[in-house]
Each structure stands twice: as C-alpha cells, then as structure tokens.
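Below is one structure, written out as structure tokens, with a few remarks after it.
The values are calculated or read from the model by the stated rules, or taken from the named source; none is laboratory data. In this text, all values refer to a predicted model and were calculated from it rather than measured experimentally. Ideal geometry is used to build each Cβ from the backbone, glycine not excepted, and the neighbour counts take in all protein chains shown.
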Amino acid sequence: MSISSLLMAIVLAAIPLTLILAAVPAGLQTRRFAINDDQRWHVAWRAVQLIAVLTLTAIALAWLFPASGLHWLSDHPLRLTLLLLLSVMALVVVKFSRRYLAADPGFGRYLRWLLLTLAAVALVFISNHLLLFALGWIAISLALHQLLMFYPDRPRAALAAHKKFLLARLAESSLLIAFYLLWQHHGTATIDTLLNAYQTPAVLSLNEQVAAVLIALTALIKCAQLPVHGWLIQVVEAPTPVSALLHAGVINLGGFLLILFAPLFLQVAAAQWLVLLVAGLTTVLAALIMTTRISIKVRLAWSTSAQMGLMLIECALGLVELALLHLLAHSAYKAWAFLSSGSAVQQHVQQSLRISPPPAARHWWLALWPAVALTAAAWWFSAPLHAGIQPVSGWVLLTLALTAWLACSVRDGGWWRPLLLAAALALAYSVLKTLMQPLAGELSEALRPGPFSAADLWVSSLFLLLFALWWLLHWRPQWPFVQRLSVALFAGLYLDEWFTRVTLRIWPARLPVRANPKQLALKRSSQHRLAATGRKEQVS
C-alpha cells in the first residue's frame, strides 16, 4: 500500500472514530465524571468541526492522488460527496441543538446518540466491505431509535418508534441476505469488485436476481414508502433537530443504496418494477395527501415520503446523476425546512388565507408553450450526457411544473419575471444534472431504460395523473368526487391504520399512557432542579 493510500485510510477511519470518542464524554452522567451541558456541547461541536476538516482532507487526497490504492473512492466519488453532505448536516444540527435542547435534562443523552448516529452513517459511506456496510446500516437504526424515543412518555412517539424498529429489522434482514448471496456467488465481499462485474449487461443467476430484489426492498423500507410510511409521519413528535437529521440525512440512505448498486439493480426487471410500482404510487399519493394537511411538520413528513419515492423512481430509470442531485437538494432543503418550521407557521397561515381565482384556459395555454420551449432547451443542453438517449418522463414532469408556475403567474398579471425565473430553473436543472454525472459514477447506457419504454411510459402516466388530481383538489374542491377524494387523502387512505393493527398483532408493544399535563410539568421541573443542583455541586 502506498503512502497516499495509507494516509487516506487513516483519514477515513478517523471520521467515525472521532464521533464515537466524542460521544463518550458527551453522555457521561455519573457524579464523579459529570460535565455540564456547555462542556458536553463543546465536545460535540469540536468533533463535528474535526470531521468536516477530515472530509475536506479526504477529498483533497482523492483529487491529488487519483491513482492511489483506494481507487474505489477516486473512481466513484459518490461516497466523498455524501461524506461532505454529512459533515455540513452535522455542523448545522449540532449548532442548532445547543439552543433548542441545552436546558433539557436529557441533553447529554441526546448528544451521545446523535454523535453515534452520525458515526454509523459515516461508516456506511466509507465502507468498501459488505460486512462493515451492514454493521453501519444496523448501527444507524439502533442509535436513531434512541433519539426517536427521546420523549418516552409520548404514546405516538413510542408507537412510531416501535413500528420503525420492526421495519428496520426487516430491512436489515433483507440487506444481510442480499449481501450473503452476492458474497456466495462472487467469493468476495469487496463492494467495488462486486460492482465491476455488472458494468455491462450479463446473464444473472437466481441468487443475483434475488439479491437485487432484496436490495430494492431494503431501499423502499428505508425511504418510508407506502404502506410502511406511517412511522415517518408520527416521529415528528421527536425533537426538531432529530427530525431534521432523519429527513435530511438518514432516510436518504435508500437512495444511496440504489445508486451504489445501480449496475446490479438495473439488470433485474423484478427489482426495477418493484421500485417503479411502489415508489411511483407513493410519489403520487404522498404528494396529494400532503396538500390536505395543516401541520407544518406533518406536511414536511409527507413531502419527504413523496420526494423519496421520486428519487427511487429516478434510480429505477437509470438516472443516477439526477437521483444524486435530488438527494443533495432534498437534504439541504429539508434541514432548513425543519429547523425553521416554527417561523414557517405564520407564512403558511397567510398563504392559506389568500384566495386566488383559478387560472383560465387561456392562461394554461399561454403558459404551456414557454414551458415546452424551456424544457426542450434544457433537454438539448444535457443531451450529450446520455448520447441523446434519455427517458422522457423527467422532462414531462419539468414541463408540467413550469406550466403550473407560469399559468398562475399569468393569472396574477406577472409575466417576464416568472418567465426569467423559469428559464433559470430549467438551465440550473440541466447544468446541475450534468455536473452530477462524474459524482454519481459511470453507468453503461445499455443499463438505462430507453425513451418510451414501458418503465418510462408508466412514470410519465403517473406524473400526468398527479397533475390532474392536484388541479382538481386545488381548483375544483366543490365537486362531490373531489370532496370524497379529499376526505380519503386526509385519512392517508387508512393505510397506516391497517399497518399499525397488523404490526401490533404480530408484535404487541406496551405503550406509555399519556400522563396529566400538570404531572408532566412537575416531573420535568424536578428534573431541571436536579440537573441544576448537579451543576452547582460541580462548580462548588
């Protein structure tokens, strides 16, 4: 091993180790070794600052020494890209946590499990071995479970954590079986060696096909797709920084899994269509259900389920560069959205009270042609990326989105400013999609579904259905059919109620009884007094 390879290995290993070591003093609660909340936070803050520096160092080493022994990083920089995203998320969430939870008596426990969750995610990103990858994947859900149970006296939080715990075990079992089948077939557990065998179309054995289906199932469960989505909606009772970490980071791991194993996944029609069907229907239904909800955090949770479905669809269409762009953009947006959800309430109320007439037919007609022209220009700009062979469903969605935006703008009297903004969005879409290609890794064009294939037509039909139902819910709410649909959507089509009954029947859970608010206030007041007494004793 060369010096550069050894240095890179040390830097990468130091990232999860730093977070694990910082979690020890952050969670100390004994009298002999107790530290106050400010000291705990400073330990965590210095740790996430250090991992940001280590991540930048690893990126610099991969760029300066691309021919090093760790070629799986330089040839497939997806991992380093997501490590950088993790570092930014860690800095933001830890910084926000000081103000949000510093007065809570469980602040040290929160920091300990937060750092351990971040360490497990980092381990998944840097692992090039199936066993390490699986261990990191399991550790993520175990550490995250402790964060979701931060308020154990809340029945809904406990129920959501119970369902999440069982689903995580199912996903981990699927992943472990898939990894075992791949190891048994290839005789190696090195991930880059496995993936190199699938860079071109090949005849796959039954074990390989089953492994691909299980990997797809793991991604669907991880991304909270219907009907196993309910826990994601209910964990909004966890602290806001936990929700931000979950929605902006952890839940995206399903997309990372499919992007990483895309060469195998795209060669198995059963796995591909499993994602197209489940994630496609989830995208449509979750997006529509979101429009019926009032709570800001609940709307964001439904939005996450829909966005994850769309990201998985992009993976199933072979658009891994678009899926990576979606992953990065969604993470940044959801972190900001959850951490600023309190200030967003007033803005949402103001928007809800604003009544606007529906765009007339001529508004839609005037908006359609600029939208088509901008989409065509964006397609022409990015066509060299795929040698002109691209699924059309993504461009259908872009055309529908630009049409809706411009139609509402024409109705309100504006034209040039929205048109310029729409042009900027279309250009940014093409440019960023092109820039993501080297980061997502090389993928043979032979593995991508072509334009107007069955998969492409299915996804295009779903986007058209979503647009039509959105139009009805927004502009024709008085129709009886739309009213019945709205009621069913508000209930989430009763899917979570059914899944909850099945879950509790298979594995019952003892849920906490909601205590009297006065009793809870007295309990927390006594906890605060004990925490303050401990700090005073330490100072004396």
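Candidates I233, I251: the one that is outside the structural domain of L78 (by TED's automatic domain parsing), under 26 Å from L86 (Cα atoms) and either free of Cβ contacts under 8 Å to residues at least 60 places away in the same chain or part of a loop (DSSP other than H, G, I, E, B) (or both) is I251. Note on region 279-296: among residues that are within 17 Å of the chain's Cα centre (by Cα) and surrounded by 24 or more Cβ atoms within 10 Å (Cβ to Cβ), the one that is farthest from L324 (Cα to Cα) is A286.
Return yes when A216 is in contact (Cβ under 8 Å) with a residue 60 or more places away in the chain and under 18 Å from the mean Cα position of the chain (by Cα) and no when it is not. So A216 fails the test.
Only one residue in P263, P241 is over 21 Å from A143 (Cβ atoms) and in contact with a helix residue (DSSP H, G or I) (Cβ under 9 Å, 6 or more places away or on another chain). Which one? Matching residue, one of P263, P241: P263. Out of curiosity, is V53 at pLDDT below 90 and either farther than 25 Å from L257 by Cβ or in a helix (DSSP H, G or I) (or both)? No: the conditions fail for V53. Being polar (S, T, N, Q) and loosely packed, with under 15 Cβ neighbours inside 10 Å is a property that holds for Q478. Flag set for Q267, criterion: over 20 Å from L82 (Cβ atoms), in contact with a Leu (Cβ under 7 Å, 6 or more places away or on another chain) and outside any helix (DSSP H, G or I).
One residue alone among L465, L427, L447 is modelled with pLDDT of 90 or more and among the hydrophobic types (A, V, I, L, M, F, W, C), and that residue is L465. Take the conditions modelled with pLDDT of 85 or more and surrounded by fewer than 22 Cβ atoms within 10 Å (Cβ to Cβ) and apply them to A90. Does it pass? Here the answer is no, as A90 does not meet what is asked. Here L226 fulfils each of the conditions (1) within 30 Å of V48 (Cα to Cα); (2) not in a helix (DSSP H, G or I) apart from (1).
The set of residues in region 392-440 that are in contact (Cβ under 8 Å) with a residue 40 or more places away in the chain and outside any helix (DSSP H, G or I) comprises V392, D412. If you check W369, W336, W379, W395 for being at pLDDT below 85 and under 30 Å from S453 (Cα atoms), only one passes: W379.
Among the helices (runs of 4 or more DSSP H) confined to region 128-213, the ones with at least 1 residues that are among the acidic types (D, E), in contact (Cβ under 8 Å) with a residue 24 or more places away in the chain and closer than 30 Å to F499 by Cβ are located at 155-186. Considered as a group, the residues in region 103-159 that are within 19 Å of the chain's Cα centre (by Cα) and among the aromatic types (F, W, Y) include one that is farthest from M8 (Cα to Cα), and that residue is W137. Looking at region 252-278, which of the residues that are of a type in the set (V, I, T) and more than 15 Å from the chain's Cα centre (by Cα) is surrounded by the most Cβ atoms within 10 Å (Cβ to Cβ)? Checked region 252-278; the qualifying residue surrounded by the most Cβ atoms within 10 Å (Cβ to Cβ) is V275.
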